[in-house]
């Protein structure tokens, strides 16, 4: 009884985790110095790069090339993924955590279901102001654009593209996370099983 109960709880816990296989590069605007480079810093202004998802599945990783200026891993709090309307960001639909920072790249992990043709926007969250997002100045990525927030209004920047790489696992499935009521039923069931087992284990006292 106890082994089967533990096994059932493990199955339920594992079912709440994303089932991920090997991701593939989906969209990429990789840094190319020959195309003309720049960092195009906008102090105190939000900067995002929009892109169009090419493959349905689970987005598992995002790479952001950077001009490095003495920053470390703790100067990032993560990355936000926004939905878009009319090609401009609207609301956050996914978040990613920092996996690592190399000499000139930041790597973010996430698990977000995406659909081919869906336009999204990337917003790396820099804690330090010393991190500059690499860009090419010829706007050669045709499935998105750089946008900046000027006085609360999103404006496209037609002469540049922020560099990025997204990874999608087309075979992965995000299992639903159990709701609070499901956990309550589960804990109640464990309690009932425990009471039943305790009663069964009580020694019988014979009559004299």
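The values are calculated or read from the model by the stated rules, or taken from the named source; none is laboratory data. Predicted model, so just to flag it, every value in this text is computed and none were measured. Backbone-built Cβ (ideal geometry, glycine too); neighbour counts: all protein chains shown.
At a glance:
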| quantity | calculated |
| --- | --- |
| Condition met for residue 161 (farther than 19 Å from residue 32 by Cα and modelled with pLDDT of 85 or more) | no |
| Subset of the range 35-56 (residues that are over 22 Å from residue 76 (Cα atoms) and either at pLDDT below 95 or not assigned by TED's automatic domain parsing to the domain that holds residue 99 (or both)) | 35, 36, 37 |
| Single match in 149, 138 (criterion: in contact with a helix residue (DSSP H, G or I) (Cβ under 6 Å, 6 or more places away or on another chain) and either touching a residue at least 60 places away in the same chain (Cβ under 8 Å) or assigned to a strand (DSSP E or B) (or both)) | 138 |
| For residue 63: the one exception among (1) modelled with pLDDT of 95 or more; (2) within 15 Å of the chain's Cα centre (by Cα); (3) surrounded by 16 or more Cβ atoms within 10 Å (Cβ to Cβ) | (1) |
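Yes or no, residue by residue, for (1) touching a helix residue (DSSP H, G or I) at 6+ places or on another chain (Cβ under 8 Å); (2) in the same structural domain as residue 52 (by TED's automatic domain parsing); (3) over 20 Å from residue 26 (Cβ atoms); (4) in contact (Cβ under 8 Å) with a residue 12 or more places away in the chain:
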{"residue": "92", "(1), (2), (3), (4)": "no, yes, no, yes"}
{"residue": "101", "(1), (2), (3), (4)": "yes, yes, yes, yes"}
{"residue": "108", "(1), (2), (3), (4)": "no, yes, no, yes"}
{"residue": "123", "(1), (2), (3), (4)": "no, yes, no, yes"}
{"residue": "145", "(1), (2), (3), (4)": "no, yes, no, yes"}
{"residue": "157", "(1), (2), (3), (4)": "no, yes, yes, yes"}
